[in-house]
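Bear in mind these aren't lab numbers, they're just calculated from the coordinates by the rules spelled out. Keep in mind the model is a prediction, meaning the values are calculated, not measured. Here the Cβ is made from the backbone with ideal geometry for all residues, glycine too, and neighbour counts use every protein chain on show.
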Amino acid sequence: MQPRHDRKIIRKKFHGKPNPATRLRMRPEAEPVLKGIFAKIGKPVSTPLTPDPFQLEALEAINRTDCLVTAPTGAGKTWIAEQAILSVFEKGGRCWYASPLKALTNAKWVEFGVHFETRNVGILTGDTKENTDAPIIVGTTEILRNQLYDAMHRGDDLNCDLVILDEAHFLGDTDRGVVWEEIMIYLPVRINLLLLSATIGNGSEIAAWLSSIRNKECVVIEEENRPVPLYPLFLHPSGKIMPCLEKKNLFSGVRTFLEKHGAGLRGGKPPHFGDIIKVLGRFNLLPAIFFLKSRSECDAALKTCRGISDQHEDTPFYYGTEELLERFPYLKNHKQLHDMFTSRVAAHHGGQLPSWKFMVETMMKKGHLHAIFATSTVAAGVNFPARTIVLFNSDLFNGHEFSPLKGTEFHQMTGRAGRRGQDKIGFMLVVPGRFMDLEHIRELISKKPEDILSRIRNDFSMVLNLLLSQTPKDVRDIFERSFATYQRVRCGKKGYTQADGLSLWEDFLRHLNLLKREEFVDENDRLTENGLWASKLRLDQPLLIAECLRRDAFPKDDEKLLAAVIAPFVYDGDHNSRIEERKIPKKLRRSYQNVVSVLKPLSKRMEAAGFSVTPLYLWTSSTIYDWAKGGDWDDIIQKAGIADGDMAMLILRTADNLRQIASLKETHPEMAALAFRARQSILREPVIFE
């Protein structure tokens, strides 16, 4: 392939004179005992695929009944899924493959398209809907749950013969675990269920619960052997690498270090990541994923890496980046692109654009980067492992506070160490510091993932959709069959957000009573006309949006204004950007105030009934309005004071809410059409990419 003219321009822009070499603060050195370990580094000999015993056992099980497979990352769980799908597909059956993440869903769609031919694979997410009549559907878990709602409402059986739930440990996710549990409860018994995860501590308990509610065996297949062995290392501040463990205890050199320095090393001074990369490079331990505490730490880490690359001519790297930049033109001016070109490093976190994260993932998978700096969220995301993962902290921010790493979180991160087919051995490097408890890490290495607790709960969308097809008595029976009830009654477990069937039922009645008072449900516990169409609003604030629709509170003739007033309903953070109201267009202020005014009585009634009501921030409306009008991306996020990734999420969630309103073609045809146009007005580069 010959480089195009514009590629030469891009290359020239970043391929200037190399930065002067910085003084190395570390002296690369390795403990002699590691010589034999490092000798194992290299690419394994390519051999024909021979299924492991656990894969064959799982395949035999899923062909006749339900099956739960727990195995380390890279052990071959996807092979099981592919073979199970093939078995059903060859018999003329249909399969549903559900994952928790849109990025992972998109990746599987492409992967399965290659494996089973594109015409046989469709995709269903909030953003993408293609080839939906295909015999193999890949989609997000929420879409599958919604299809089960619709099937129950119609009195139909889901047109499917096999359901695969990937990343099944999301059953224990505080916010989204309820969706996984609903699917397991509602799924028709005739449809075999395959659960896949790397981190489930109580697989036998989950299987026993499933067997009790589905009246069929759920076979548990547990594989503990990693496909690429993990070797824990410790980095002395001098630059010397030593083993982290000696048998199951801390290595003698590590103990000596701790006795001398304790836990307060560096007094909070951040490490020099560029030096660490040079040490790793000296011993052939790259590429690496550095797990850091925050987005800002990931971004700041890039500055210490300038000058670590010799900037030699690397044709595959340039072709790889330039092809992606042609695909995503907006990224040509990305502020971190210079670091990728000159230092072969990148930051990857939730504050960045989806297209940038995709580019980083792609370049890492192709081996074009020395290292990425990431928050722990990447551990549960798309699979792009490295030879080494680097830990600086033994705690993790859980969204509210920092708490010690749990076994599940630790195994998610270390699961990225060692690339199957590319590495004979993977490494975890522990770097001492203020927030690193080496004894805790030592314990985690041999600790299994924690047990999953039920997260089932009521919300108005769930209650409305259950009442489409169930009586309150049926709903009570559903709660009695829940994993929460099973854990409480059978196992005596008490989760910190867990409820049993009785408390779930009482909470259901609380929701039901409000829905009756607001005339979404009649006195016979059936959905009213308003309740029927409101049930299609499968989003976070269905009652508030439904109230606006039936009170004609939304703008009727301006799709940009509609997008703007929907934005406050989707934002669940606490950031309140200071904006000068006088600079906001009058028609936007009027539209926003009209929505707030209409909702005020309902909000008060909801709060009186014990339901929390999320504030509706004006800045979100102003931000989306500017974007819908075609404003400049950088100007808008600077004005709002938010990160690229947060802006992208605000737009995508607003678009998803508009998609739900656009589905109300029969009852609200004009508003549905306006919502469709509003969605189109905000979905463009750099938010969406092909």
Item to complete: Starting at the first residue of the range 454-465, write each ³J(HN,Hα) from the Karplus equation 6.51 cos²θ - 1.76 cosθ + 1.60 with θ = phi - 60°, in whole Hz, x for Gly and Pro.
Response: 4, 10, 5, 7, 8, 8, 5, 5, 4, 5, 4, 6
Response to the item:
Too long for a 19 Å Cα-Cα cut-off, among Lys247/Lys406; Lys536/Lys665; Lys406/Lys448; Lys560/Lys586; Lys43/Lys366, are Lys247/Lys406
Worksheet item: So which trypsin sites (Lys or Arg not before Pro) in the range 503-554 pass both tests, a DSSP loop state and at most 16 other Cβ atoms within 10 Å of the Cβ?
Response: Arg526, Arg551
Worksheet item: Using a cut-off of 15 Å between alpha-carbon atoms, which aspartates and glutamates can reach Lys303, once sequence neighbours fewer than 8 places away in the same chain are excluded?
Response: Asp275, Asp339
Discussion item. Of all beta bridges DSSP finds with both residues in the range 53-222, what is the antiparallel percent, to the nearest 5?
Written reply: 5 percent
Item to complete: Assign one of three labels to the range 598-690, namely rounded, prolate or oblate, based on the Cα gyration tensor with a ≥ b ≥ c the square roots of its eigenvalues; rounded applies when a/c is under 1.5, prolate when it is not and a/b is larger than b/c, and oblate otherwise.
Response: oblate
Practice prompt. Between beta-carbons, use under 9 Å as the cut-off and find the net charge around Asp656, counting Lys and Arg +1, Asp and Glu -1.
Written response: +2
Worksheet item: Counting other Cβ atoms within 10 Å, which GluC sites (Glu not before Pro) in the range 593-675 have at most 13 and lie in a DSSP loop?
Response: Glu666
Fill in: Proximal lysines to Lys91, defined as alpha-carbon separation beneath 27 angstrom and excluding residues fewer than eight positions away on the same chain
Lys77, Lys108, Lys129, Lys216
Practice prompt. Pop out the ³J(HN,Hα) list for the range 467-477 in order, Karplus 6.51 cos²θ - 1.76 cosθ + 1.60 with θ = phi - 60°, rounded to Hz; leave Gly and Pro as x.
Written response: 6, 4, 9, 10, 8, x, 5, 4, 5, 4, 5
Worksheet item: Considering amide H positions built from the backbone, and no H for Pro or chain starts, which residues 5 or more places from Phe427, or on another chain, come under 5 Å of its amide H?
Response: Tyr231, Thr388, Ile389, Gly418
Response to the item:
Per DSSP, the loop-located GluC sites (Glu not before Pro) within the range 160-230 having at most 12 other beta carbons within 10 Å are Glu224
Worksheet item: Just for the chain, what percent of DSSP beta bridges are antiparallel, to the closest 5?
Response: 20 percent
Worksheet, complete the sentence: Residue-ordered couplings for the range 400-415, obtained by feeding phi - 60° into the Karplus form 6.51 cos²θ - 1.76 cosθ + 1.60 and rounding to whole Hz (Gly and Pro as x), are 10, 7, 8, 9, x, 3, 9, x, 4, 5, 4, 5, 4, 6, 5, x
Worksheet item: 222 nm [θ] for the chain, helices only, -39500 (n - 2.57) per DSSP H run of 4+, per residue, to 500?
Response: -13500 deg cm²/dmol
